[in-house]
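K.L.:
Please find one structure pasted underneath; my questions will follow.
The values are calculated or read from the model by the stated rules, or taken from the named source; none is laboratory data. Keep in mind that what you see is a predicted model, and the values were worked out from it rather than measured. All Cβ positions, even for glycine, are placed from backbone atoms using ideal geometry, and neighbour counts span all protein chains on display. The area values use the complete protein model at the heavy-atom level, side chains included, leaving out ligands, DNA and RNA. Shrake-Rupley method; radii C 1.70, N 1.55, O 1.52, S 1.80 Å.
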Amino acid sequence: MLNFTPITDEDGDFLRRYYENCDFGLCEYSVGTKFMWGDYFHPAYAEAAGCLIVRNEVDGRLVFDYPVPGPEGDEEAALRAIEDWCMENGMPPVISVVPEKRASKLLQRYPYVAVRNVRTWQDYLYKREDLQTFAGRRYSGQRNHIKKFRTAYPDAAFRPLTEADRPLVEQFWEDYRTEFSKGDDPRAVGELKLAKRMLEKLDKPWFFGGGMMNGDRLIALALAERCGDTLIIHIEKALYSYAGVYPTMVQAFAQHFGGDVVWINREDDAADRGLRTSKLQYGPDHLAPKYHFAPHNELLCHVKAIPELKTERLTLSQMTEADIPAYNALVLDQDRNRWWGYDDVAGLKGPMDERSFYEVAKRDFENCAAVNFAVRLDGMLIGEAVLYRFDYRGGAELGCRIAKEYEGWGYGTEAFKAVAEWGLYGVHLTRVVAKCFKENAASRKMLASCMRPAGEDETFYYFEKLV
């Protein structure tokens, strides 16, 4: 099971082990973005199968970055780890900001999934040489602005910024505040505060800082990070009073720090009209999509009400309030339920009353988490069969228990087969799985008659039934 640790400023070196060679090309897969927006998204990390797994919080919901593999990383195993964690915590495995090169993998993985790719959050990617040279007719405007700037400020020069330049940076922010045109925009004010905090990290070896100097005055600055073949620009700021300083700074920064990168990522525009206009004027090669995958399970897609299933001797149907006494007796029979594999009482979220277990079963179906069938003989509840633990990849687990006084007549096998068949052909699952404790010989015999073996561990025998 994954164990997540909140990302702090102390985790930069660890994260860079994965991000340094990450080829996803999106700003979210960088130390700078995790640091800068940490208070908004509360990122936490874990490692699994040689991959970095990051969990974020967006609008009160937990979502996951696509796993970033290390040299020996197994993305398939890391995705399974995310799915297992989500199953244990009762939530769908939502994978967000998925790079285009991994989208097809998830489309094949999830039979039912809602996919979004919102324009607002797409990153602007430019060819490195385009920003270094501004060659061609489409960049004539940028070249003219640079020419005018050079004429007005012939001694202006670009140079790298280091920790020793902190006084220059602090003075820049004072100067910038006097020209800041969005002082009444809370989002812009918040972003400016984060940018200031990021420039305090010039001592980190993975950040590249650079500035345009006019004499002894810093008039523009930028902060970037290289991830794979992409240089990600986290911050670009300039004093508006110096006409033409922005394109001059963009070009000089690309020339100095571009090296052999293929792409320069100037991040998204966050639906800011001015930013969008500016970023488009620099001629991006393309806007990098960020896919949001929200898988659905088969209950949500196919099952609006618990059906009635008929076997030779039994009827399986939705539980009713009239079943509460018999259902409570079944659930609270601890001698029988030592083989159930789940403590019903411990699973309750609040104080227990006579309706508690019934309400849990009802709520699980309403939340598309499980289907609890009442197993009936001549109308009486004698057990239950539960289809649950949907893995969002076409699989679900099936469990069945029969009251003690009805054991030994094959009712469990009959009910189990009926629900398994319904799951495969009525719910459109591709795989139904089950398990039993190794000491439970009767359950093992029953499962072996319905399914095929699928392995074992120290505790359980595992079985499966496929379409």
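K.L.:
If you go through the stretch 129-136 one residue at a time, do you hit one that is under 26 Å from SER241 (Cβ atoms) and over 35 Å from the mean Cα position of the chain (by Cα)?
P.N.:
Within the stretch 129-136, one or more residues are under 26 Å from SER241 (Cβ atoms) and over 35 Å from the mean Cα position of the chain (by Cα).
K.L.:
Pairs under 8 Å by beta carbon, first residue within 12 Å of ARG376 (Cα to Cα) and open to solvent by 70 Å² or more (accessible area, probe 1.4 Å) in the stretch 297-317, partner assigned to a helix (DSSP H, G or I) and aromatic (Phe, Trp, Tyr), six or more apart or different chains?
P.N.:
From residues that are within 12 Å of ARG376 (Cα to Cα) and open to solvent by 70 Å² or more (accessible area, probe 1.4 Å), the pairs are ARG313/TYR411.
K.L.:
Now a separate question. Return the residues of the stretch 439-451 that are open to solvent by 30 Å² or more (accessible area, probe 1.4 Å) and touching a strand residue (DSSP E or B) at 6+ places or on another chain (Cβ under 6 Å); say none if nothing qualifies.
P.N.:
Within the stretch 439-451, ARG444 is the sole residue that qualifies.
K.L.:
If we scan the stretch 273-281, do we find a residue that is modelled with pLDDT of 95 or more and open to solvent by less than 30 Å² (accessible area, probe 1.4 Å)?
P.N.:
yes
K.L.:
Look at the stretch 95-106 and say how many of its residues are out of contact with any helix residue (DSSP H, G or I) (no Cβ under 8 Å at 6 or more places or on another chain) and not in a helix (DSSP H, G or I).
P.N.:
Result for the stretch 95-106: 2.
K.L.:
For LEU231, are the conditions met, namely being out of contact with any Gly (no Cβ under 6 Å at 6 or more places or on another chain) and closer than 19 Å to GLN132 by Cβ?
P.N.:
yes
K.L.:
So LYS182 ticks every box in (1) closer than 25 Å to ASP272 by Cα; (2) touching a helix residue (DSSP H, G or I) at 6+ places or on another chain (Cβ under 8 Å); (3) open to solvent by 70 Å² or more (accessible area, probe 1.4 Å); (4) at pLDDT below 95 but one. Which box is left unticked?
P.N.:
The single condition LYS182 does not satisfy is (3).
K.L.:
Another question, then. Just give me the residues in the stretch 159-174 being surrounded by 15 or more Cβ atoms within 10 Å (Cβ to Cβ) and part of a helix (DSSP H, G or I), in sequence order.
P.N.:
Hits for the stretch 159-174 are ASP165, LEU168, VAL169, PHE172, TRP173.
K.L.:
Something else about it: In the stretch 219-257, what residues are closer than 25 Å to ASP13 by Cα, of a type outside the set (Asp, Glu) and in contact with a His (Cβ under 7 Å, 6 or more places away or on another chain)?
P.N.:
Correct list: LEU223, ALA224.
K.L.:
I'm trying to understand the selection: among the residues of the stretch 137-158, which are open to solvent by less than 90 Å² (accessible area, probe 1.4 Å), part of a loop (DSSP other than H, G, I, E, B) and either of a type in the set (Gly, Ala, Ser) or without any contact (Cβ under 8 Å) to a residue 24 or more places away in the chain (or both)?
P.N.:
ALA156, the sole residue that qualifies.
K.L.:
Sticking with this one: Kindly evaluate TYR425 against the criterion of being surrounded by fewer than 18 Cβ atoms within 10 Å (Cβ to Cβ), within 39 Å of the chain's Cα centre (by Cα), within 28 Å of CYS301 (Cβ to Cβ) and of a type in the set (Ser, Thr, Tyr).
P.N.:
On the way: surrounded by fewer than 18 Cβ atoms within 10 Å (Cβ to Cβ): yes; within 39 Å of the chain's Cα centre (by Cα): yes; within 28 Å of CYS301 (Cβ to Cβ): yes; of a type in the set (Ser, Thr, Tyr): yes.
When the stated conditions are applied, TYR425 passes them.
K.L.:
Something else about it: In the stretch 408-422, which residues are open to solvent by 40 Å² or more (accessible area, probe 1.4 Å) and either free of Cβ contacts under 8 Å to residues at least 24 places away in the same chain or at positive phi (or both)?
P.N.:
If the condition is that a residue be open to solvent by 40 Å² or more (accessible area, probe 1.4 Å) and either free of Cβ contacts under 8 Å to residues at least 24 places away in the same chain or at positive phi (or both), then GLY408, TRP409, GLU421 are the ones that fit.
K.L.:
Now, a different point. Against the definition (over 13 Å from GLY73 (Cβ atoms), open to solvent by 30 Å² or more (accessible area, probe 1.4 Å), at pLDDT 95 or above and not aliphatic (A, V, I, L, M)), how does PRO6 come out, yes or no? If you could, list the steps in order and put the result at the bottom.
P.N.:
On the way: over 13 Å from GLY73 (Cβ atoms): yes; open to solvent by 30 Å² or more (accessible area, probe 1.4 Å): yes; at pLDDT 95 or above: yes; not aliphatic (A, V, I, L, M): yes.
For PRO6, the condition - over 13 Å from GLY73 (Cβ atoms), open to solvent by 30 Å² or more (accessible area, probe 1.4 Å), at pLDDT 95 or above and not aliphatic (A, V, I, L, M) - is met.
K.L.:
When you go through (1) surrounded by 14 or more Cβ atoms within 10 Å (Cβ to Cβ); (2) in contact with a Gly (Cβ under 8 Å, 6 or more places away or on another chain) one by one for PHE134, which number turns out not to apply?
P.N.:
Condition (2) is where PHE134 drops out.
K.L.:
When you go through (1) out of contact with any strand residue (DSSP E or B) (no Cβ under 6 Å at 6 or more places or on another chain); (2) open to solvent by 40 Å² or more (accessible area, probe 1.4 Å) one by one for ALA48, which number turns out not to apply?
P.N.:
Condition (2) is where ALA48 drops out.
K.L.:
Restricting attention to the stretch 24-38, does a residue exist that is out of contact with any Gly (no Cβ under 6 Å at 6 or more places or on another chain) and surrounded by fewer than 15 Cβ atoms within 10 Å (Cβ to Cβ)?
P.N.:
No.
Residue by residue, here is whether (1) open to solvent by 30 Å² or more (accessible area, probe 1.4 Å); (2) touching a residue at least 24 places away in the same chain (Cβ under 8 Å); (3) closer than 18 Å to GLU308 by Cα holds:
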site	(1), (2), (3)
SER356	no, no, no
LYS362	yes, yes, yes
GLY383	no, yes, yes
TYR392	yes, yes, no
ALA396	no, yes, no
TYR406	yes, yes, no
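K.L.:
Among helices (runs of 4 or more DSSP H) lying entirely in the stretch 2-88, which contain 1 or more residues that are touching a residue at least 12 places away in the same chain (Cβ under 8 Å) and closer than 22 Å to VAL261 by Cα? Talk me through it step by step, then tell me what you get.
P.N.:
Numbers: elements: 12-19, 31-36, 38-41, 75-88.
Result: 12-19, 31-36.
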